Amino acid sequence: MLKTALRPRSILALIVSLGLAVGFVLLSQWQLESSEQARTVADPAKDVAAPLAEVAQAGTPVTGTQADQLVTVTGEYRDGSTVMVPGRLQDGTEGYWAVSALTVPGSAGRWPDAGGELTVAVARGWTADPAAVPEEPEGRIGVVGRYLPAEGPVPGQELPDGQVGTVSPAQLTNLWDAPLYSGFVAAFAENPASAPFQLRDDGTLARDPALMSPRLSELEIDQQPTDESVNLLNLFYAVEWVFFAGFALYIWWRFVRDEWLREQRPEEYFYFEGEYYFDAASGRYYYYDPEAGEYYWFDDQPGARTHDRTQDRTGAHHD
């Protein structure tokens with residue numbers, strides 16, 4: 001069979017099959033890349049902290065570029081400003097966010113229309129107990145958190161005193177009577193301003209960040225939205241193209257195999273509507289072509305070695 005595979009025609013068929021297989025593999029790779037590109041994944045740059053003043057522009061809506069950015073901000077929590085936001089899940093448990101007003105000193109010039117220093121709403125943490133309203137840390141505090149777009153207010157929702165339906169700066173600015181940033185900060189870490197922010201050397205959040213209110217749990221908020229799933233349709237096409245590549249090589253193998261078998265057992269691969277005969281002396285099959293008026297061996301081409309076939313058929317016997 002190796003001899004058959006090394007024939008020029010077989011080698012040419014192999015080159016064609018390999019070309020098709022390579023093309024199919026490239027198509028499979030393209031489908032895999034397409035499945036990756038279809039995902040909405042996190043931006044690593046947004047996990048490197050930047051000062052809030054550099055990320056957010058006061059008085060303007062939060063853009064897609066700004067949203068989900070890890071930020072640092074230093075300020076003072078307003079005493080008694082904490083409100084609870086119900087319906088917040090954490091580790092499968094429904095609870096509350098504690099949201100407080102953080103006044104940012106030296107921010108008056110960032111939004112002249114504000115008429116004073118700016119305030120940013122900070123979701124300081126999560127708790128399962130709505131009655132355990134944590135007091136705001138005193139003094140100047142450094143906060144590390146994710147800057148998020150405002151949530152829309154929920155009209156007509158009746159809640160107990162000290163609770164709001166969503167983190168909506170448009171609603172909180174009236175509640176706190178202070179000019180607010182359009183977004184809010186979901187805090188991951190708090191510490192006195194005299195200490196450095198809880199960050200690694202590369203600007204990402206520290207391994208074990210801590211809040212200053214022990215009764216609050218750190219919020220678990222990733223970049224939104226993040227979709228780590230793979231497009232199954234593209235994945236199916238990728239597998240399909242690999243199958244086609246294997247099938248192209250299989251076709252070449254069948255071509256060589258059939259050529260070899262045709263030489264070993266030509267009578268099984270010869271389609272002839274008539275009688276054929278077996279020559280016991282040579283162990284070969286032959287047939288008579290009435291149009292040419294000649295006898296031919298099954299493993300010979302018509303017209304080749306006519307003289308030899310004429311001599312051989314004298315010893316032929318009908319099977």
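The values are calculated or read from the model by the stated rules, or taken from the named source; none is laboratory data. As the structure is a prediction and not an experimental result, all values here were calculated from the model. Backbone-built Cβ (ideal geometry, glycine too); neighbour counts: all protein chains shown. When the accessible area is computed, the model is the full protein with side chains, heavy atoms only, and any ligands, DNA or RNA have been set aside. Shrake-Rupley method; radii C 1.70, N 1.55, O 1.52, S 1.80 Å.
Tabulated values for the structure
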| quantity | calculated |
| --- | --- |
| Selection count, the stretch 6-32, where residues are open to solvent by less than 90 Å² (accessible area, probe 1.4 Å), of a type outside the set (G, A, S) and closer than 18 Å to I251 by Cβ | 10 |
| Odd one out for A178, checked against (1) assigned to a loop (DSSP other than H, G, I, E, B); (2) out of contact with any Leu (no Cβ under 9 Å at 6 or more places or on another chain); (3) of a type in the set (A, V, I, L, M, F, W, C) | (2) |
| Residue list for the stretch 120-137, filter: within 30 Å of A108 (Cβ to Cβ) and either in contact with a Ser or Thr (Cβ under 7 Å, 6 or more places away or on another chain) or at pLDDT below 95 (or both) | V122, R124, G125, V133, P134, E135, E136, P137 |
| Pick from the stretch 144-197, criterion among the aromatic types (F, W, Y) and more than 17 Å from L118 (Cα to Cα), ranking: surrounded by the most Cβ atoms within 10 Å (Cβ to Cβ) | F188 |
| Selection status of V104, more than 22 Å from G152 (Cβ to Cβ), open to solvent by less than 20 Å² (accessible area, probe 1.4 Å) and of a type in the set (V, I, T) | yes |
| Given (1) open to solvent by 40 Å² or more (accessible area, probe 1.4 Å); (2) under 39 Å from the mean Cα position of the chain (by Cα); (3) not hydrophobic (A, V, I, L, M, F, W, C), index of the condition G109 fails | (2) |
| Residues located in the stretch 146-163, provided they are in a loop (DSSP other than H, G, I, E, B) and either farther than 13 Å from A121 by Cα or among the hydroxyl-bearing types (S, T, Y) (or both) | G152, P153, V154, P155, G156, Q157, E158, L159, P160, D161, G162 |
| Matching residues, the stretch 245-258, being under 30 Å from the mean Cα position of the chain (by Cα) and crowded, with 17+ Cβ neighbours inside 10 Å | A245, A248 |
| Residue that is modelled with the highest pLDDT [pool: residues in the stretch 198-236 that are open to solvent by 80 Å² or more (accessible area, probe 1.4 Å) and within 30 Å of F24 (Cβ to Cβ)] | F236 |
| Pairs where the first residue, in the stretch 139-164, is closer than 24 Å to T72 by Cα and the second is at pLDDT below 85, C-beta under 7 Å, 6+ apart | none |
| Residue within the stretch 46-57 that is over 25 Å from the mean Cα position of the chain (by Cα) and at positive phi present | no |
| Qualifying residue in the stretch 109-128 (condition: outside any strand (DSSP E or B), farther than 19 Å from L172 by Cβ and either among the hydroxyl-bearing types (S, T, Y) or in contact (Cβ under 8 Å) with a residue 12 or more places away in the chain (or both)) | yes |
